[in-house]
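Following: one structure in structure tokens, then a few remarks.
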Amino acid sequence: MHAGSWDRDADGWFLTWDALADRLIPYVVEMGFTHIEFLPISEHPYDPSWGYQTTGLYAPSARFGDVDGFARFVDGAHLAGIGVLLDWVPAHFPTDAFGLAKFDGTALYEHEDPRLGFHPDWNTAIYNFGRREVTSFLVNNALFWAERYHIDGLRVDAVASMLYRDYSRKAGEWIPNEQGGRENWEAVACLRDMNREIYGQHPGVFTIAEESTSWPGVSAPVSDDGKSGGLGFGFKWNMGFMHDTLQYMARDPLHRKHHHGEINFGLVYAFSENFVLPLSHDEVVHGKGSLLTKMPGDDWQQFANLRAYYAFMWGYPGKKLLFMGQEFAQRREWSEARALDWDLRNARSHEGMRNLVRDLNTVYREKPALHARDCEAEGFEWLVADDAANSVFAWLRKAPGAKPIAIVANMTPIARAPYRVPLPLDGRWCEIINSDAHDYWGSGLGNLGGVVAKDGAAWVTLPPLATIMLEYEG
């Protein structure tokens with residue numbers, strides 16, 4: 001979430017940390033989320049940068065009150081059982097005169113040569129990760145948020161832009177490393193140092209990388225000597241999942257049968273890293289619309305598609321991340337300049353979506369089969385992977401000692417009843433989630449509480465544009 005636009009006060013101004021705590025923390029608890037992840041809250045001069053153009057890495061922004069207010073917010077979240085994550089931005093920094101750029105009149109924190117020290121995408125400088133003083137400044141800043149404010153994790157922005165010297169550059173606009181390659185080994189060393197220190201000094205605090213390439217071992221451990229192995233992050237954003245599945249969902253259901261692989265392909269690499277499935281602010285800004293408006297069809301079908309997508313995602317391997325407002329299907333594109341459209345909750349369609357996300361969170365947290373092996377191949381098994389003609393997907397989630405759960409998604413507006421789903425255990429399977437339920441503004445088609453498997457399969461009613469979850473009862 002973005003602290004400045006989740007909600008505003010009566011005068012349209014930013015909420016203080018205390019006011020935000022009073023409104024936000026109970027809402028997050030009610031919705032069943034485990035963590036609040038903030039876009040950068042470090043001091044920054046330009047509101048439309050959303051905090052990513054930070055000039056004061058050690059200072060919570062004065063927009064929301066004093067620093068003690070932020071400390072009270074984190075304490076309040078912890079008392080309610082909610083973790084707090086922060087976006088952290090070592091990838092670039094602004095060239096404002098009051099910042100670190102040319103701090104002593106020379107390129108002290110950055111590179112003098114623009115082929116090393118200028119970011120073409122953001123018109124910012126790049127830290128000189130080869131200087132020990134600079135990496136010390138950055139690593140200590142990461143530790144500062146854990147030590148001073150007891151935050152529970154850092155999501156590191158734009159890691160790919162740090163890892164490659166030629167990131168977003170044409171030939172001749174970058175300088176190879178000593179081996180003649182494109183890797184930025186100084187940045188790699190800085191990230192490894194940061195992760196080793198965070199995990200070494202603050203057990204329980206974790207890090208997440210926004211990394212959009214196939215760099216190996218982003219969430220693999222750093223070697224004992226700190227000079228090889230993985231980058232040491234706890235998790236990595238799965239940008240491929242976000243891109244492929246949203247592209248699939250935006251298609252007319254009539255054409256989805258021709259693009260079945262956009263869903264299947266993600267399972268080829270789903271366990272190569274510890275993944276977070278991100279539906280972030282980047283997908284609902286700059287002309288991209290909201291998640292709801294990406295969906296095809298009339299109003300009912302758009303809601304049904306989005307509900308089916310959420311239930312599909314909560315059953316898919318990986319941790320779940322949803323940007324604020326999408327839990328009640330915000331219609332307008334997000335803008336940092338205004339609050340979310342909370343009046344939408346007066347409509348049954350939007351409140352139905354919110355009810356579904358709340359129930360998905362509850363089921364996900366309470367059922368180990370859905371979360372315990374999110375990052376392990378042993379927790380996943382295909383049941384129906386090749387039914388492109390009907391655009392149906394079915395798989396099993398499982399964990400030691402837990403009741404297995406089958407997830408079945410029907411991505412067409414045609415009800416499939418009956419539909420044969422292979423199931424590994426005979427007996428009753430209880431329907432614990434149905435995204436087409438009346439409570440969610442669906443049509444109410446379902447399985448009357450459950451199905452019975454016999455001889456390795458069950459005949460199941462698949463509602464239109466819906467995902468169901470069936471838990472084995474015995």
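The values are calculated or read from the model by the stated rules, or taken from the named source; none is laboratory data. Every value quoted in this text rests on a predicted model; they were computed, and no experiment measured them. Virtual Cβ from ideal backbone geometry, glycine too; neighbours counted across all protein chains shown. Each accessible area value is taken on the protein alone, full model and side chains, heavy atoms only, with ligands, DNA and RNA left out. Shrake-Rupley method; radii C 1.70, N 1.55, O 1.52, S 1.80 Å.
In table form, for the structure just shown:
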item	result
Order of exposure, largest accessible area first, which applies to 448, 143 with probe 1.4 Å	448, 143
Vicinal HN-Hα couplings computed from phi for the stretch 203-210 (Karplus, 6.51 cos²θ - 1.76 cosθ + 1.60; Hz; Gly/Pro x)	x, x, 7, 10, 10, 10, 9, 8
Cross-link reach list, aspartates and glutamates versus residue 257, counting only Cα pairs under 18 Å and skipping chain neighbours closer than eight places	244, 386, 387
Set of aspartates and glutamates near residue 320 by C-alpha distance (under 13 Å), chain-local residues within fewer than 8 positions excluded	37, 374
Greater than 25 Å apart at Cα, pairs in 294/367; 403/454; 170/294	294/367; 170/294
Cα pair distances of the stretch 357-474 binned at 10 Å [whole percent]	14, 47, 35, 3
Karplus-derived 3J(HN,Hα), 6.51/-1.76/1.60, for each residue of the stretch 279-286, Hz, glycine and proline x	10, 9, 4, 5, 8, 10, 8, 6
Where the chain is the region considered: accessible area per residue in Å², 1.4 Å probe	40 Å²
Cα centre as origin, Lys/Arg/Asp/Glu Cβ charges: the stretch 67-171 dipole, Debye	280 debye
Lys, Arg +1 and Asp, Glu -1 on Cβ, resulting dipole of the chain about Cα centre, debye, nearest 20	1100 debye
Cut-off under 5 Å, modelled amide H: who pairs with residue 381 long-range	396
Relative contact order of the chain, defined on C-alpha pairs under 8 angstrom at six or more residues apart (%)	11 percent
Amide H within-cut-off set for residue 35, under 5 Å, with H built and near neighbours excluded	83
Label-point gap, in nm, between residue 113 and residue 225 - each point 7 angstrom along Cα→Cβ	2.7 nm
Entry for P(r) over Cα pairs in 10 Å bins from 0, in percent (calculated from the structure that is shown) out of [x] 4, 18, 25, 25, 18, 8, 1, 0; [y] 4, 19, 28, 25, 16, 6, 1, 0; [z] 4, 12, 15, 14, 12, 10, 8, 7, 6, 5, 3, 2, 1, 1, 0	[y]
³J(HN,Hα), Karplus 6.51/-1.76/1.60, whole Hz, each residue of the stretch 234-240, x for Gly, Pro	x, 9, 9, 5, 8, 5, x
Listed residue (306, 325, 346) projecting farthest to the positive dipole end of the stretch 299-350, Cβ model	306
Where N is the number of residues in the stretch 1-130, Cα Rg divided by 2.2 N^0.38 Å	1.22
Gap separating the Cα centres of the stretch 1-58 and the stretch 280-327, nearest whole Å	21 Å
Contact order relative to length of the stretch 286-360, as percent, for alpha carbon pairs under 8 angstrom and 6 or more apart	35 percent
For residue 128, residues with placed amide H under 5 Å, excluding near neighbours	110, 111
222 nm mean residue ellipticity, helices alone, for the chain (DSSP H n ≥ 4; -39,500 (n - 2.57); rounded to 500)	-8500 deg cm²/dmol
Apportionment of accessible area to carbon and sulfur, the chain, percent (1.4 Å)	52 percent
Estimated D of the stretch 54-176 in µm² per second, where Rh is the Kirkwood radius over Cα pairs and Stokes-Einstein applies at 20 °C, 1.002 mPa s	134 µm²/s
Computed over the stretch 76-143, Cα set: Rg, Dmax in Å	15.3, 49
Which of 193, 436, 11 is most accessible, then next, and so on - probe 1.4 Å	11, 193, 436
Relative contact order (%) - criterion: Cα under 8 Å, at least six apart; region: the stretch 192-314	20 percent
Solvent exposure ordering (accessible area, 1.4 Å, most first) of 354, 72	72, 354
Selection from 171, 24, 400, by position along the positive dipole direction of the chain (Cβ)	400
